[in-house]
């Protein structure tokens, strides 16, 4: 039975469990490496922690990397083995400029390649933002391989009206001076001689809109992840990756695509996320076996803003 839980903390992301068949690679002895896909793309991965359960963590974007996510999820590594990988075209994976190789189907195939590489029979996926959408679509394509889904502050299941509201909410906190500063930083990113420095200057302002209280500068300071920790060529490629993945969806509506996906799902969403919480309720309705957790006082990064409740909830779900 579906239920809505309201808690004061944060939570979310999704995990991947080691399967009952082949024994997984002993993750506690591995730190980083790469998976090479069938079409020759090298996917950089990083491993943290160890435990009976293995979680494959899917970062947001599209076009960002696991560098913004992994440092702040180390609290899970005390109990679970975590597999982070940079999606194609981004981070420390192969940079691709051919948009036809950056579609949703490519990302689903990459995730399946990661699963096979680590010899996981079935997986629990922890997906943040766009990564939550990727997790859901992987479960649809490989329902026999998906064990559990944790969808954290997920991309909306339909574009209209939520993406428009999301964009407005990201800037609603800005006064006129901040709007002018933001526009200048956005322009400076174009063809910047030092794309990493330009990226950091831009995100120092932009990221504030993702937190529960954009005026509270102590909240971004808690975040140890770095959106701009990537090679310069990957930073330059961020926009192309995002457009190549989301562009073909047009005015998407995925609400009827997951009715037959009978896997346990928890949807964790910050009450004050710029992505409207109403969209999270639509994710809950989209799956037959889903629970919605609304994290009061949290924005887009509940694992940063409320780490202890986040950890408790993930542990409870995995049990």
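The values are calculated or read from the model by the stated rules, or taken from the named source; none is laboratory data. Note that the structure is predicted; figures quoted are calculated from it, not measured. FYI the Cβ positions are ideal-geometry reconstructions off the backbone, even for glycines, and counts take in every protein chain you see.
May I ask you to list pairs of residues, at least six apart or on different chains, whose Cβ atoms are under 7 Å apart, with the first in segment 141-157 being in contact (Cβ under 8 Å) with a residue 12 or more places away in the chain and on the phi > 0 side of the Ramachandran plot and the second being surrounded by fewer than 24 Cβ atoms within 10 Å (Cβ to Cβ) and part of a loop (DSSP other than H, G, I, E, B)?
So the pair list comes out as 153/275.
Select from segment 96-117 the residues that are in contact with a helix residue (DSSP H, G or I) (Cβ under 8 Å, 6 or more places away or on another chain) and crowded, with 21+ Cβ neighbours inside 10 Å and write down the one among them that is nearest to residue 307 (Cα to Cα).
Looking at residues that are in contact with a helix residue (DSSP H, G or I) (Cβ under 8 Å, 6 or more places away or on another chain) and crowded, with 21+ Cβ neighbours inside 10 Å, I get 111.
Go over the candidates 200, 158, 167, 171 one by one and state the one that is under 30 Å from residue 115 (Cβ atoms), modelled with pLDDT of 95 or more and within 22 Å of the chain's Cα centre (by Cα). Talk me through it step by step, then tell me what you get.
Numbers: 200 fails: under 30 Å from residue 115 (Cβ atoms); 167 fails: under 30 Å from residue 115 (Cβ atoms); 171 fails: under 30 Å from residue 115 (Cβ atoms).
So the residue among 200, 158, 167, 171 that is under 30 Å from residue 115 (Cβ atoms), modelled with pLDDT of 95 or more and within 22 Å of the chain's Cα centre (by Cα) is 158.
Among the numbered criteria (1) under 18 Å from residue 31 (Cβ atoms); (2) in contact with a helix residue (DSSP H, G or I) (Cβ under 7 Å, 6 or more places away or on another chain), which one does residue 80 miss?
Of the numbered conditions (1) under 18 Å from residue 31 (Cβ atoms); (2) in contact with a helix residue (DSSP H, G or I) (Cβ under 7 Å, 6 or more places away or on another chain), the odd one out for residue 80 is (2).
Select, from 153, 98, the only residue that is modelled with pLDDT of 95 or more and in contact with a strand residue (DSSP E or B) (Cβ under 8 Å, 6 or more places away or on another chain). Steps first, answer last, please.
Values: 98 fails: in contact with a strand residue (DSSP E or B) (Cβ under 8 Å, 6 or more places away or on another chain).
Result of the check over 153, 98: 153.
Could you check residue 61 against (1) crowded, with 24+ Cβ neighbours inside 10 Å; (2) under 19 Å from residue 222 (Cα atoms); (3) at pLDDT 95 or above and say which number it fails?
Residue 61 satisfies every listed condition except (2).
Would you mind stating whether residue 81 is modelled with pLDDT of 90 or more, more than 19 Å from residue 226 (Cα to Cα) and surrounded by 18 or more Cβ atoms within 10 Å (Cβ to Cβ)?
yes
Which helices (runs of 4 or more DSSP H) sit wholly inside segment 225-319 and have at least 3 residues that are in contact (Cβ under 8 Å) with a residue 40 or more places away in the chain, out of contact with any strand residue (DSSP E or B) (no Cβ under 8 Å at 6 or more places or on another chain) and within 19 Å of residue 209 (Cα to Cα)?
Per the criteria, no element qualifies.
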